[in-house]
Amino acid sequence: MWLVIQKGGYLMYPIALCSIIALGIFLERLWTYIKVRQQFRELAHQVEPLVAKEHHDEAVAICHKSESPLAQVFLAALRAVGRNREQIKVVVEETGRREAAPLQRFLGLLGTIATISPLLGLLGTVLGMIRAFNVIATQGMGTPATLGGGISEALVTTAAGMTVAIPVILAHRYLTGRLDQLIIEMEEYSLRLVDLLGE
């Protein structure tokens with residue numbers, strides 16, 4: 001791996017850095033989404049029976065203890081007790097949008113890495129080709145082996161950039177799908193609570 005990085009030139013370092021950052025983001029977001037989904041279910045199972053029995057103070061206390069984004073949505077709904085269903089729903093939707101925003105953290109950066117990695121690779125290839133043609137201009141054609149070796153070294157960065165970009169694009173798509181599922185679940189739990197409070 002180190003020999004490949006050396007062969008590709010200095011632009012291989014930002015490409016390698018992009019791959020490390022992308023892997024870190026993927027693992028962190030995956031762990032976060034798994035944890036948040038579990039928190040959703042636990043909170044809903046605790047709060048819904050209490051709300052059904054109209055033990056609102058106990059439900060509020062449980063929400064205050066929870067670190068789940070859904071807890072803030074539930075709190076907004078519980079504070080709106082006494083209003084009609086549509087008013088509670090509006091409050092819940094506004095809070096839900098605000099609480100869903102932090103779940104998108106780092107996904108933009110992951111998409112950016114997927115975009116710039118092949119561009120960095122292409123830039124490395126272009127610079128390598130410029131150097132190869134400068135050598136030809138100053139020293140003549142040389143041997144085909146020498147020219148081929150220079151071109152193959154120049155192409156290493158493009159291959160490296162694409163090698164990083166392809167899995168990062170797949171990881172971004174996967175995490176975006178997981179996020180969409182989480183938001184749908186948050187909406188479902190929120191609407192169930194709205195139905196209980198708005199009866």
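Where a number appears in this text, it was derived from the coordinates with a stated rule and is not lab data. The model shown is predicted, which means the values in this text are computed figures rather than measured ones. Methodologically, a virtual Cβ is constructed for each residue, glycine included, from the backbone with ideal geometry; neighbour enumeration extends over all protein chains shown.
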**OP:** May I ask you to list, by number, the DSSP H helices of the chain whose Cα span along the axis is at least 24 Å and whose average Kyte-Doolittle hydropathy reaches 0.0 or more?
**Re:** 12-52, 107-139, 144-197
Original post:
Counting only pairs 8 or more places apart or on different chains, how many lysine pairs in the chain have C-alpha atoms closer than 27 Å?
Top reply: 5
Original post:
Using the beta-carbon distance between Leu107 and Ile136 and R0 = 45 Å, what value does 1/(1 + (r/R0)^6) give for FRET efficiency, to the nearest 0.05?
Top reply: 0.50
Original post:
How high is the relative contact order of the chain, in percent, counting Cα pairs under 8 Å that sit 6 or more residues apart?
Top reply: 34
Subject >> Full-stretch length increase - Asp180, Ile21 - with 0.36 nm per residue and alpha-carbon distance subtracted >> reply: 55.0 nm
Original post:
In angstroms, what radius of gyration and Dmax does the chain have, counting Cα atoms only?
Top reply: 26.5, 89
